[in-house]
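Each remark here refers to the structure printed beneath this line.
The values are calculated or read from the model by the stated rules, or taken from the named source; none is laboratory data. Predicted, not measured: the structure shown is a model, and the values here were computed from it. All Cβ positions, glycine included, derive from the backbone under ideal geometry; neighbour counts span all protein chains shown. Areas reflect the complete protein model, heavy atoms only, side chains present, ligands, DNA and RNA absent. Shrake-Rupley method; radii C 1.70, N 1.55, O 1.52, S 1.80 Å.
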Amino acid sequence: MRSMIPDYLAEALGDVASDASGETAGYIPELATADPDRLGAAFAMVDGEVYGAGDIDTSFTIQSISKPFVHALALADRGFDSVLAKVGVEPSGEAFNEISLEGGTGRPLNPMINAGAITVHSLAGAEDLRPAERVERVTDGLSSFAGRRLEMDEAVHASEMEHAHRNLAIAYMLGSHGVLTGDVRAVVDGYVRQCSLLVTARDLAVMAATLANRGVNPLTGERVVPERVVRQVLSVMYSCGMYDAAGDWATQVGIPAKSGVAGGLIGALPGQIGIATFSPRLDRHGNSVRGVSLFERFSSDMGLHVMEVPAAARAALRANDVLGSGPDALRVLQLQGGIRFAGAERVVREVVETAHLDVRVALDLTRVHSMDDVARRVLLEAVRRLTLDGHEVYLVDPEAVMPDPDPGDGGRVTVVADVDQLVHAPGQVTGPGSRPQ
Ligand code: GLN
């Protein structure tokens with residue numbers, strides 16, 4: 001069988017291909033020379049599988065799509081407090097190149113608009129780096145996100161610097177507020193170099209998939225930035241990534257995203273997929289016209305909106321049975337699936353209602369494939385409380401899905417690999433076993 005995914009992508013491209021509306025970015029003359037008919041789309045799954053159709057290996061400059069990734073590097077290199085002290089996380093509702101700063105502090109409102117991104121560039125790498133070394137740090141970092149060494153387009157850099165009056169004006173204003181220090185022209189030059197790194201739609205999909213994969217590049221296995229940095233960056237992409245179209249985007253497409261004026265557009269759906277499209281003609285917000293159409297379609301065809309409420313996950317509690325009888329009777333609560341807070345709560349409720357009937361209580365995790373830290377803590381606290389109430393508590397956990405099963409103060413638990421190890425007459429079910437609905 002041939003996978004239907006590349007066919008689906010080719011069909012989606014075919015449907016938007018004839019839309020020639022919008023204009024290439026004229027304010028950077030070198031970009032205006034790009035072939036406006038280029039069109040490509042790529043999906044990178046969080047396990048590294050990449051699908052594509054159309055022009056997914058054509059190089060173009062990354063432009064503003066660099067912003068979330070350099071924001072991630074700055075957060076990783078300098079910490080949240082130092083970055084937040086200089087750049088906010090509030091949507092501006094304004095154009096990407098608006099000359100606006102927060103009243104009072106002079107901070108740019110967020111890292112996705114140019115004022116914020118120029119500041120964030122100055123926060124990548126150690127404080128005392130020289131401008132060229134900072135560009136090197138940014139190039140290295142973005143290359144790690146892409147999983148290959150990225151090169152710079154010197155012609156696009158030179159072309160943008162010749163017309164960088166607006167970004168220079170923003171930078172001088174940042175300098176006057178003390179948000180930027182030192183040679184502000186060199187910061188703009190570094191930021192424009194960052195924007196001039198060459199990528200393909202395939203690269204961008206992998207970069208987005210690295211965010212979707214909690215900061216680990218799915219092709220190289222390299223952890224590029226810590227998980228908590230990724231959460232911060234995706235949140236800012238969700239609320240600010242599409243500039244003054246961010247609200248429309250959040251409601252209609254619902255995928256954390258970022259666009260660039262060379263025609264790239266990325267979306268990162270946590271835990272699932274990195275998506276990239278390439279089509280150079282832009283709408284009035286500076287977002288790729290056909291890229292936006294493709295994302296609208298992908299989101300609705302494949303149910304990718306992050307606010308889409310999933311069908312209630314199958315109950316975390318599969319069964320509640322009593323095995324054996326008399327003083328050796330064992331109450332077994334069988335859990336299943338991925339356990340997070342709501343699943344753990346359901347199990348705790350069942351424990352509260354039924355476990356008092358038997359001295360020996362087992363939580364069987366054999367069918368659990370994952371458990372987050374909150375669920376782990378809630379279940380261990382249940383174990384501790386059961387011990388304090390005089391129960392003997394067991395965990396059946398053959399695959400060690402619960403790391404470090406220590407219930408803490410006064411709690412005690414015995415971990416076994418198979419429930420049969422706990423039952424004297426294996427398989428014999430007696431007593432008032434009940435199945436939860
Ligand atoms: N280098 C461009 C600029 O600073 C990036 C803008 C964009 O892609 N939206 O104007």
Residues meeting the amide H criterion for Ala319 (H placed from the backbone, H to H distance under 5 Å, 5 or more places apart or on another chain) are Gln334
For the chain, longest principal axis from Cα atoms; helix 289-302 axis from its Cα atoms; angle between them, nearest 10 degrees, is 10 degrees
Amide H contacts of Gly93 (H built 1.01 Å from N, under 5 Å, at least 5 apart or other chain):
none
State the antiparallel share, in %, of DSSP beta bridges confined to region 212-368, rounding to the nearest 5.
70 percent
Rounded, prolate or oblate for region 3-94? Axes are the square roots of the Cα gyration tensor eigenvalues, ordered a ≥ b ≥ c, and the cut-off for rounded is a/c under 1.5.
oblate
To the nearest 20 Debye, how big is the dipole of region 242-357 about its Cα centre, given +1 on the beta carbon of each Lys and Arg and -1 on that of each Asp and Glu?
280 debye
Hey, any idea what % of region 19-134's accessible area is carbon plus sulfur with a 1.4 Å probe?
48 percent
Note down the relative contact order for the chain as a percent, whole number, built from C-alpha pairs under 8 angstrom at least six residues apart.
16 percent
If you roll a 1.4 Å probe over region 206-284 with all protein chains in place, what percent of the accessible area is carbon or sulfur?
45 percent
Just to confirm a number: summing +1 for Lys and Arg and -1 for Asp and Glu over residues other than Met161 whose beta-carbon lies under 13 angstrom from that of Met161, what do you get?
-3
Express the accessible area of the chain per residue in Å², computed with a 1.4 Å probe while the remaining protein chains stay in the model.
43 Å²
Using the Kirkwood radius built from alpha carbon pairs, what does the Stokes-Einstein equation give as D for region 111-200 at 37 °C and 0.692 mPa s, in µm² per second?
247 µm²/s
May I have the extent of the alpha carbons of the chain along their three principal axes, as whole Å values ordered from largest to smallest?
86, 53, 35
So what's the gap between the Cα centers of region 71-97 and region 360-397, to the nearest angstrom?
41 Å
Rank Ala344, Tyr394, Ser288 by how far each Cα sits towards the positive end of the charge dipole of region 283-417 (+1 on Lys, Arg Cβ; -1 on Asp, Glu Cβ) and give me just the farthest.
Ser288
Run through region 278-374 and list the GluC sites (Glu not before Pro) located in a DSSP loop whose Cβ has at most 16 other Cβ atoms within 10 Å.
Glu308
Principal-axis tilt of helix 5-16 within the chain, Cα atoms, nearest 10 degrees
40 degrees
For region 275-424, just say rounded, prolate or oblate: build the C-alpha gyration tensor, square-root its eigenvalues into a ≥ b ≥ c, call rounded for a/c under 1.5, and beyond that prolate if a/b exceeds b/c, oblate if not.
prolate
In whole percent, what relative contact order does region 1-121 give with Cα contacts below 8 Å and a gap of six or more residues?
18 percent
I'd like to compare 72-80, 205-213: which one has the highest average count of other Cβ atoms within 10 Å, and what's the full order after that?
205-213, 72-80
Any idea which of Ala212, Ala158, Ile170 is furthest toward the positive side of the dipole for region 139-262, if Lys and Arg beta-carbons carry +1 and Asp and Glu beta-carbons -1?
Ala212
What's the magnitude of the charge dipole for the chain around its Cα centre, counting Lys and Arg as +1 and Asp and Glu as -1 at the beta-carbon? Answer in Debye, nearest 20.
560 debye
Restricting to bridges with both residues inside the chain, how much of the DSSP beta-bridge set is antiparallel, in percent to the nearest 5?
65 percent
Apportionment of accessible area to carbon and sulfur, region 327-375, percent (1.4 Å):
57 percent
Cα centroid of region 297-348 to Cα centroid of region 139-192, whole Å:
49 Å
